[in-house]
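First the structure, in the form of structure tokens, and then the observations on it.
The values are calculated or read from the model by the stated rules, or taken from the named source; none is laboratory data. From a predicted model like this one, the values you see are computed outputs, not experimental measurements. So basically every Cβ, Gly included, is an ideal-geometry build from the backbone, and we count neighbours across all protein chains shown.
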Ligand code: 6PG
């Protein structure tokens, strides 16, 4: 029987993420952790394997809830979707006003908004929180992105701060905003993660195909890059992945892994919501589509004989180092665009859903613990500290200078990839976005003309206010009109 009301925090769902989070919580001074899992065997195994944690284990919801001190606080770590709703309803039917239900899974933020709206009239707090860092992060210190009410954060904040990763002395957790803000920001984190991974993969592919270097040699290049401005967890693990040799065949492991990338869906959500918000997150979108394309086996097989460039492309040995440096610069510039686009989506989401998201604080809590942790997040935090209303990240002085220094390389790399027939959707779309941003005039004017021609959708003029429609088929004169509803 669990001790009565002795735990200050509980965890429901003890698969790897939940178990590790519970162990992390238990290892911190002042926490007593209640644990519960639908199948009790898992609970017993966890408790047996980790006596040092002093878990308060329960085998029923009644006992679990009774084991929690007030205000009761429980973190749900089950698979996102219906399973989460079932656990929420079990807890909500036993919790009292002031108690806190936390969903720590990768939930869709629209679900989080709905759940919060359903639960808050009961006086129980519902907090959707992003938790990043995988299994290792959950155990040793993740980056944590809680939403929900400010009131709930008074209780929850110190508990989460006790287990979060630490970056430059600061715990990687902040109250992101109300209701679904935490899961929204975690979603965008994952979108950036997709872009970062795809960009690194494109850099690898270009170097390998252009210079003929082996995966192990490219691992050394990534390890070297990881000592400079590209320093990040994803670059670090890429070097390790490339260095890995397959035990069965003796081949580089990367050569025996099937080239079809999976996806659980958070990247697609980032793009779907960017479309809804009208935010051009093209680098992230290309990264999601690159995974989709990789999995279209039948289409790829049907297309292998489609014509490519007539000449075979190779970088001269004497130019290899310069080419690799170009790729590094292209990667850095494209990465800046990916983060800039991600922050754009956060700004648009905050505006749409009424969240007071502090961009600089988000950059700070991503500096450690999470998958996209990177040295240059300090620069993003500084950019937003210098100018909290920065209209787009890439124009902040540091990033402007970084892209100015990289852009010639970036253009050479994108040109080489087009000429050689090596697909670089994320590099190329990031450059196109950059050039679109800086263009003083875009061909969107022609698109407006086309729209007005076939649908009388109207347009605005550069030289006078008002909304206009041209009588295209008649005397081609122009009439001032009210905006079309088409
Ligand atoms: C993290 C990761 C984690 C996971 C995602 C993405 O922040 O710890 O983003 O949430 O890796 O599920 O996985 P997919 O690549 O399968 O979408």
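Observations, loosely collected:
- Listed by position, the helices (runs of 4 or more DSSP H) enclosed by the range 42-154 that each have at least 3 residues that are within 16 Å of the ligand (Cβ to nearest atom), under 24 Å from the mean Cα position of the chain (by Cα) and at pLDDT 95 or above are 109-119, 134-140.
- Boolean, residue 234 is within 14 Å of the ligand (Cβ to nearest atom) and either part of a helix (DSSP H, G or I) or in contact (Cβ under 8 Å) with a residue 12 or more places away in the chain (or both): yes
- Residues that are part of a helix (DSSP H, G or I), within 21 Å of the chain's Cα centre (by Cα) and surrounded by fewer than 18 Cβ atoms within 10 Å (Cβ to Cβ), drawn from the range 244-271: none
To keep it simple, each residue is scored yes or no on (1) more than 26 Å from residue 282 (Cβ to Cβ); (2) within 22 Å of the chain's Cα centre (by Cα).
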| site | (1), (2) |
| --- | --- |
| 179 | yes, yes |
| 182 | no, yes |
| 205 | no, no |
| 209 | no, no |
| 226 | yes, yes |
| 229 | no, yes |
| 236 | yes, yes |
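Conditions (1) touching a residue at least 60 places away in the same chain (Cβ under 8 Å); (2) touching a helix residue (DSSP H, G or I) at 6+ places or on another chain (Cβ under 6 Å), marked per residue:
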{"residue": "14", "(1), (2)": "yes, yes"}
{"residue": "32", "(1), (2)": "no, no"}
{"residue": "37", "(1), (2)": "no, yes"}
{"residue": "47", "(1), (2)": "no, no"}
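- Filtered residue count, the range 227-243, keeping only those that are surrounded by fewer than 19 Cβ atoms within 10 Å (Cβ to Cβ), over 20 Å from residue 257 (Cβ atoms) and touching a helix residue (DSSP H, G or I) at 6+ places or on another chain (Cβ under 9 Å): 3
- Tally, over the range 358-369, of residues that are surrounded by 20 or more Cβ atoms within 10 Å (Cβ to Cβ) and in contact (Cβ under 8 Å) with a residue 40 or more places away in the chain: 7
- Taken as a whole, the condition of being touching a helix residue (DSSP H, G or I) at 6+ places or on another chain (Cβ under 7 Å), away from the ligand (no atom under 16 Å from the Cβ) and in a helix (DSSP H, G or I) does not apply to residue 357.
- Qualifying positions in the range 155-167 - within 16 Å of the ligand (Cβ to nearest atom), more than 16 Å from residue 11 (Cα to Cα) and either free of Cβ contacts under 8 Å to residues at least 60 places away in the same chain or out of contact with any strand residue (DSSP E or B) (no Cβ under 7 Å at 6 or more places or on another chain) (or both): 167
- Remark: residue 274 matches the filter, which requires a residue to be out of contact with any strand residue (DSSP E or B) (no Cβ under 8 Å at 6 or more places or on another chain), more than 13 Å from the ligand (Cβ to nearest atom) and either modelled with pLDDT of 95 or more or assigned to a helix (DSSP H, G or I) (or both).
- Per the listing 315, 327, the residue uniquely on the phi < 0 side of the Ramachandran plot, more than 16 Å from the ligand (Cβ to nearest atom) and outside any helix (DSSP H, G or I) is 315.
- Some residue of the range 294-312 being surrounded by 12 or more Cβ atoms within 10 Å (Cβ to Cβ), within 16 Å of the ligand (Cβ to nearest atom) and either under 21 Å from residue 204 (Cα atoms) or modelled with pLDDT of 95 or more (or both): yes
- Neighbours by Cβ (under 9 Å, 6+ apart or cross-chain): first from the range 255-274, closer than 17 Å to residue 295 by Cβ; second more than 14 Å from the ligand (Cβ to nearest atom) and not in a helix (DSSP H, G or I): 257/246; 260/296; 271/281
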